[in-house]
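Worksheet: the structure to be examined is printed underneath.
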């Protein structure tokens, strides 16, 4: 009896670990549950990227469905995402507000001057404090916010034209149809 238990316990632990790892193979790393989903956006007050005298707060964006895109000029994935944001902005579906995260102002301005600016407005978060309050792991991250200022979806990683078309636009249409 003991001889079988000596092998059964390690075998059971091994099978449990294999099952856990196998489940992990099917998890989409770009969709990580956020504790902020279905909660009001965090409060903040930051200078604008282009005009440091302009103060931006979460109230700047309320009353409309919008995307809140966290990016930085230092971020390679943000540069990969940029053409998709430019295309989406040209379609005027919803405004895209930016949070320039842990960046240098001249580098961010230079990137936008060279690659175009898809943003309606951009808050400048040099220290990353506001990003932390939004639960940002790293850039790029995009939040879909409803008319009441409630975060309804979070996407981690660079957006592509396919993600925007197949995932974000249907969500945006549903939110726009809701009553405020």
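The values are calculated or read from the model by the stated rules, or taken from the named source; none is laboratory data. Predicted model, so just to flag it, every value in this text is computed and none were measured. Virtual Cβ from ideal backbone geometry, glycine too; neighbours counted across all protein chains shown.
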Looking only at the range 147-162, how many residues end up being under 13 Å from residue 69 (Cβ atoms) and either free of Cβ contacts under 8 Å to residues at least 24 places away in the same chain or in a loop (DSSP other than H, G, I, E, B) (or both)? 3
Got a sec? Which of 173, 165, 152 is surrounded by fewer than 20 Cβ atoms within 10 Å (Cβ to Cβ), at pLDDT 95 or above and under 14 Å from residue 36 (Cα atoms)? 152
Do we have residue 129 as more than 15 Å from the chain's Cα centre (by Cα) and buried (at least 21 other Cβ atoms within 10 Å of the Cβ) here? no
Any residue at all in the range 137-145 that is surrounded by fewer than 15 Cβ atoms within 10 Å (Cβ to Cβ) and over 15 Å from residue 69 (Cβ atoms)? no
